[in-house]
Amino acid sequence: MKIKPALLFSLLLFIPTAYAELSFYKLNHKVPSEIIPSIKPFLQADETIGAGYNELILRVNPDNMSDIQNLIRKLDQPAHRLIIYVNRDGQFDRYTEGYNVNSHIQISADSGVSSSYRGNVKIYSTKNSTNDRNNQSIQVLEGHTAHISEGISEPVTNINIQQYGDHSQFSSNTSYRDASKGFYVTPRLSKDSVILEIAPWYESPLSKNRTSAAFIRASSVIRGQLNTWIKLASLNDDSSQTSSKILGRQTQTTKQTNTIWVKVVDLDAKLKLND
C-alpha cells in the first residue's frame, strides 16, 4: 500500500513536537559568567542559555532539561575561602616565646635595705620586627585572583644645569619611585592539593649611597599540598671585596640567599569533607 505524499505531510503535522521551553534557574553561590561556559557544550542546536540577575535564562528542550539542571547544581557550589601566605626569609614561626619561673627574688635598694618577694615570673623573648615584614598574607576565594602590595614612595630629585654664556641656571624637579613588595595569585583546589598561578616581587628602597635598587620578580604555576610551605624560587647573590692596607690585605665575602615560599590554608576544609 502506497501513501500519497500529501497524506504523509498531513500526518506529520499532527505528530507532537518537543519545543525548547523558556525557564529560569536561580543560582545560590556562583555568578552566571562562571556557569555558562561549562553548560554551553551540552546544549542542543536549538537550545540557548543566557545570564540574568543571579540566575540563568534557559531555553532547553524538556527531554534535556533534567540533565542540564543536574549539571548546574553540580557546578553551583560555594567557592572555598583560602589564605595565601608568602614568605621571603624561610623563617615561618611568628610568635613570642616565653616560659615561667617560680623562684625567690631579692630586690636591694641603694640604701642597703633589701626586700624579698616570692612569685611567678614570666620571661619572654621576642624576635626582630623586621622579620615580620618578610611575610604577607591575603584571603581570597578559590578560582579568583588576589593582589597585595605594600611599600613606600621615595622622592627622587633631578637637578638640571643650563649654561647661558657666563651664567648658569639651576632647576630641579622631584619625582617619586615606588619600592614595594607583593604578589598576584590565583588558587584552584584539586582534592588535597592546590594549583597556584602566582607572581611575587620585591623591590628594595634606594639607599643614601647608591642610585640603584635591587629587585626580585618571579612568576610560575605550581602544585603543592595544602597547609605546607612550598619553595617557589631561590636566588643566590655572592660578592667579594678585597682591600689593601698597611698591615696586610683584607678580603670580605658577602653571601645572600633570597628565597620565596608560599603556603595555602583552606578555611572551608571541613565543608569540603562534608560534600
Just give me the residues in segment 46-89 being part of a strand (DSSP E or B) and within 30 Å of Ala199 (Cα to Cα), in sequence order. Arg81, Leu82, Ile83, Ile84, Tyr85, Val86, Asn87
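On the given criteria, is Thr259 modelled with pLDDT under 80, in a strand (DSSP E or B) and within 21 Å of Ser149 (Cα to Cα)? Don't jump to the end; show me each part of the working.
Working: modelled with pLDDT under 80: yes; in a strand (DSSP E or B): yes; within 21 Å of Ser149 (Cα to Cα): yes.
Considered against the rule, which asks whether it is modelled with pLDDT under 80, in a strand (DSSP E or B) and within 21 Å of Ser149 (Cα to Cα), Thr259 comes out as yes.
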Quick check on segment 215-232: of everything there that is surrounded by 13 or more Cβ atoms within 10 Å (Cβ to Cβ) and of a type in the set (A, V, I, L, M), which residue is modelled with the lowest pLDDT? Ile216
Members of segment 152-188 that are exposed (fewer than 14 other Cβ atoms within 10 Å of the Cβ), in contact with a Lys or Arg (Cβ under 9 Å, 6 or more places away or on another chain) and under 30 Å from Ile83 (Cα atoms): Ser153
When Ser38 is run through (1) modelled with pLDDT under 90; (2) surrounded by 10 or more Cβ atoms within 10 Å (Cβ to Cβ), the failure sits at (1)
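The values are calculated or read from the model by the stated rules, or taken from the named source; none is laboratory data. Computed from a prediction, not measured in an experiment: that's the story for all the values here. Don't worry about glycine lacking a Cβ; one is built from the backbone with ideal geometry, like all the others, and counts go over all protein chains shown.
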